[in-house]
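Comments concern the structure below.
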Amino acid sequence: MKYSKNFEFSLFCITALTTLGATLIAPSLPNIQAHFSSTPHITFLSRLILTLPALFVMISSPIAGFLLTKYKRIKILLCSILLWSVFGISGYFLSSIEWILVFRALFGVASGFVMTCVSVLISEYYLGEKNRERALVKQNFFSAFGGAIFLILGGVLSDMDWRIPFLVYSLGFVVLFLSSRNLFEPKALQISQSSDFRFLKFIGVYAMTFISMSLLYFIPTQLPYYLNSHFGVGGSVVGASIASVSIFSAFFSFLYPKLSSKFSIKTIYGFSFSALGLGFFLLEIQNSLLLLLVFLAFGFTWGISFVNHYSWLFSLASPQEKAKAVGFLSSFLFLAQFLSAFWIEPLISYFGLSIALFILGGFSLSIAGLFFILSFRNKSADTLP
């Protein structure tokens, strides 16, 4: 079924909100840390502003998945977008790091509902493997490219004042208006009443989602400090640098349909983790001329792995399982984002940046090698054993 341009623009703009919410504040982190420099443990707390919403997305996403099996998707989605906008903007008006963290937590709850709702809607609006893959590519394109634009904007605004980027969340009201006019309740809701859900059936895709995202979240949480300390760049350049990863991710995701027609899910994971490992090793060299290759490698991994996660999940899930399965996928995706701050930062503090990057690169290549071995042993397999 073909949908109007207004419909698809409204639908995929919602996916851009989820990326915007996760990374918009990243360029502001050094400025926030400087502003609250007298606050104890501000180095950790400033990073927590970025990662704390992920913890609450992790908690709220499975709840959203269960509610979506009983209530109308569109009503839940519109309420979630409204709360997403309100809680997002609140950071502009708050002067306490503690209250900022409280409202970032509430923002995470709303984000979990938005992300789960839109992913379920995409799976029900676009039926069939090829249609679904094309929709997932569009989803990633809007998420990555839209997020990149606002990352650049967030970087420029952060140089003016660390509070101003929070106002960008007001764009959620525009998306809310468009969604209320153009989206409709899918008929698939009528078959989503079964309570049967086998969690272990999806454990493989959840594990890969967690591992890849926990590694990739080095980009928004650590890259701003890396670029600031090694190259002396400001928020606008940091925002543009992180945005370039998103832009590359958006365009690399268009390769997925061609890759999936020739390679198994395992092989595609092998490619993405190989690129990730290469990116970490190149970053270790600390050469400004190699940064473009680093951003290309990270962008390839982000774009390809994102579509691969959802493509694998939807190939496993029955119509009755989709909402809950997507809810748990969102949960693992953001659990990885939250926990990344707790293990990458100590890794760098204990070993130093150079050795830490070597460890991250070696770990990524080890996973890639494992997938290539699994793929070689069973070339015709489309899912992991």
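The values are calculated or read from the model by the stated rules, or taken from the named source; none is laboratory data. A quick note: this is a predicted structure, and the numbers were derived from the prediction, not measured. Positions of Cβ are backbone-derived with ideal geometry, glycine not excepted, and every protein chain shown enters the neighbour counts. Just the protein is used for accessible areas: all its heavy atoms, side chains included, with ligands, DNA and RNA removed. Shrake-Rupley method; radii C 1.70, N 1.55, O 1.52, S 1.80 Å.
Applying the criteria of a DSSP loop state and at most 14 other Cβ atoms within 10 Å to the chymotrypsin sites (Phe, Trp or Tyr not before Pro) of segment 57-95 yields TYR71, PHE93.
For LYS75, the lysines whose Cα falls under 29 Å of its own Cα, not counting residues fewer than eight places away in the same chain, are LYS2, LYS5, LYS130, LYS138, LYS187, LYS322, LYS324. Please state the shape class of segment 293-385: rounded when a/c is under 1.5, otherwise prolate if a/b exceeds b/c and oblate if not, all from the C-alpha gyration tensor. Oblate shape, in that a/c is at least 1.5 and b/c is the bigger or equal ratio. Working note: Cα gyration tensor of segment 149-189, eigenvalues times five, square-rooted, sorted largest first, giving semi-axes of 32, 10, 7 Å.
Modelled this way, with points 7 Å down the Cα-to-C-beta line, the labels at LYS258 and ASN6 are 3.5 nm from one another. Here the Karplus curve 6.51 cos²θ - 1.76 cosθ + 1.60, taken at θ = phi - 60°, turns the phi angles of segment 296-308 into couplings of 5, 5, 5, x, 4, 4, 5, x, 6, 5, 4, 5, 5 Hz, with x standing for Gly and Pro.
Its Kirkwood hydrodynamic radius, worked out from the mean inverse distance over all distinct Cα pairs, puts segment 206-279 at 14.0 Å. Among the trypsin sites (Lys or Arg not before Pro) within segment 225-305, not one is in coil by DSSP while having at most 10 neighbouring Cβ atoms inside 10 Å. For MET208, the accessible area of its heavy atoms, probed at 1.4 Å with every protein chain present, is near 20 square angstrom. Viscosity 1.567 mPa s, temperature 4 °C: Stokes-Einstein D of segment 270-332 from its Kirkwood Cα radius, in µm² per second? In µm²/s, the coefficient is 97. If you run the Gaussian network model on the chain, springs between alpha carbon atoms under 10 Å, then out of LEU276, LEU316, LEU77 the most flexible one is LEU316. Applying the criteria of a DSSP loop state and at most 16 other Cβ atoms within 10 Å to the trypsin sites (Lys or Arg not before Pro) of segment 119-215 yields ARG198. If R0 is taken as 30 Å, the Cβ-Cβ distance between PHE231 and SER315 corresponds to a FRET efficiency of 0.10.
Could you please report the charge total around LEU55, scoring K, R as +1 and D, E as -1 over all other residues with beta-carbon less than 14 angstrom from its beta-carbon?
Summing Lys and Arg as +1 and Asp and Glu as -1 gives +2.
Relative contact order of the chain, taken over Cα pairs closer than 8 Å and 6 or more residues apart, is 27 percent.
Which FRET efficiency value, to the nearest 0.05, do you get for ARG198 and ILE359 by plugging their Cβ-Cβ distance into 1/(1 + (r/R0)^6) with R0 = 45 Å?
Efficiency computed from Cβ-Cβ geometry: 0.80.
Within the shell defined by Cβ-Cβ distances under 15 Å, the residues around GLY65 carry a net charge of +4, with Lys and Arg each +1 and Asp and Glu each -1.
Rounded to the nearest whole angstrom, the semi-axes of the ellipsoid equivalent to segment 33-149, taken from the Cα gyration tensor as √(5λ), stand at 32, 17, 12, largest first.
Normalised by the number of residues in segment 233-343, the average gap of Cα pairs under 8 Å and 6 or more apart makes the relative contact order 32 percent.
Extension gain, ASP161 to ASN131, is 6.5 nm, computed as 0.36 nm per intervening residue step minus the present C-alpha separation. Decide, for the chain, between rounded, prolate and oblate: order the square roots of the alpha carbon gyration tensor eigenvalues as a ≥ b ≥ c, take rounded if a/c falls under 1.5, and otherwise choose prolate if a/b is larger than b/c, else oblate. It is oblate, given that a/c is not under 1.5 and a/b is not larger than b/c.
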